[in-house]
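As structure tokens, the structure follows; a few thoughts come after it.
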Amino acid sequence: PLPIETDCIHVANGTYFLDGHFEPVKEFCHNRLPAAYLPETGRPVQWLRFLDDLLEAEDIPALQEFFGYALLPVTKAQKMLILIGKGSEGKSRVGLVLRSLLGENMNTGSIQKVETDRFARADLGYKLLMVDDDLKMEALSQTHHLKNLVTLEDRIDIERKGLQSTQGVLYVRF
């Protein structure tokens, strides 16, 4: 198995290290993002305007911090993010932006299914993020598996249909 690297972010044009340096070298890895690292890019004015319209000013840094947390294969913060609001406000756009940043490193699905379907957790292997675009809080009669995955820092039992269950690595954030 490949090592889980928590000190760098593999991007389309190389590797960005958390100490601040970038190397235009691509190594084989689990989670290469489709987005390129472009240090000379200016401020994302349109995105920041969108966030200002969507969130309270004091909530924007929390969303940005969660985005950063979702770039690394760790669950040490033991956090999940829930955006609450009325329909047609733009919350779904946040998930679409994350999809453009994370690509195949992100799943879109149902947290209820992860909680109730013993095979659903297997689809989260080596994924950085799982987005439930229409979470219905009243639908979660239990949260055992969800809490377990949010706080997980070890291997977990993963079961696929028709196969013996195995111990696997899940570092997905919700």
Where does the chain land at 222 nm, in deg cm²/dmol rounded to the nearest 500, when only DSSP H runs of n ≥ 4 count, each adding -39500 (n - 2.57), divided by all residues? -8000 deg cm²/dmol
Over the heavy atoms of ARG93, what accessible area does a 1.4 Å probe trace out, to the nearest 10 Å²? 140 Å²
Under a 1.4 Å probe, counting only protein heavy atoms, ASP19 has an accessible area in Å², nearest 10, of 120 Å²
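For the chain, calculate the relative contact order in percent as a whole number, restricting contacts to Cα pairs under 8 Å that are 6 or more residues apart.
Working: 238 pairs, mean separation 36.2, N = 174.
Here the relative contact order equals 21 percent.
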What FRET efficiency, computed as 1/(1 + (r/R0)^6) with R0 = 30 Å and r the Cβ-Cβ distance, is obtained for GLN64 and ILE4, rounded to the nearest 0.05? 0.80
Determine by what factor the alpha-carbon radius of gyration of segment 1-93 differs from 2.2 N^0.38 Å, reporting the quotient. 1.27
Ranking HIS10, HIS144 from most to least accessible area with a 1.4 Å probe gives HIS144, HIS10
Any idea what log10 I(q)/I(0) is at q = 0.09, 0.16, 0.17, 0.19 Å⁻¹ for the chain, Debye with uniform C-alpha scatterers and no solvent? -0.34, -1.07, -1.18, -1.41
The correct ranking of GLU115, GLU65 by accessible area at 1.4 Å, largest first, is GLU65, GLU115
Taking the full set of protein chains and a 1.4 angstrom probe, give the accessible area of THR151 in square angstrom, rounded to the nearest 10. 60 Å²
Order the following by accessible area, largest value first: LYS161, LYS147. Probe radius 1.4 Å; ligands, DNA and RNA are ignored. LYS161, LYS147
How big is the charge dipole of segment 1-111 about its Cα centre, in debye rounded to the nearest 20, if each Lys and Arg gets +1 on its Cβ and each Asp and Glu gets -1 on its Cβ? 380 debye
Report, in whole Å, the centroid distance computed from the Cα atoms of segment 74-96 and segment 97-146. 12 Å
Model label zone, ASN148; criterion: amide N under 14 Å from point 7 Å along Cα-to-beta-carbon; scope segment 89-121: 114-121
In terms of the charge dipole of segment 1-44, which places +1 on Lys and Arg and -1 on Asp and Glu at the beta carbon, the residue among PRO44, ASN13, VAL25 farthest towards the positive end is PRO44
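First measure r as the distance between the Cβ atoms of LEU38 and LYS161, then evaluate 1/(1 + (r/R0)^6) with R0 = 30 Å and state the FRET efficiency to the nearest 0.05.
Details: r = 42 Å, r/R0 = 1.39.
Plugging the Cβ-Cβ distance into 1/(1 + (r/R0)^6) gives 0.10.
Which order, highest average first, do 105-114, 39-48 follow once you tally other Cβ atoms within 10 Å for each residue and take the mean per peptide? Don't skip to the end; give the middle numbers.
Details: 105-114: 18.3, 39-48: 8.1.
Going by the mean number of other Cβ atoms within 10 Å, highest first, we get 105-114, 39-48.
The values are calculated or read from the model by the stated rules, or taken from the named source; none is laboratory data. All values reported here derive from a predicted model rather than from experimental measurement. Ideal geometry is used to build each Cβ from the backbone, glycine not excepted, and the neighbour counts take in all protein chains shown. Only protein heavy atoms, including side chains, enter the accessible area calculation; ligands, DNA and RNA are left aside. Shrake-Rupley method; radii C 1.70, N 1.55, O 1.52, S 1.80 Å.
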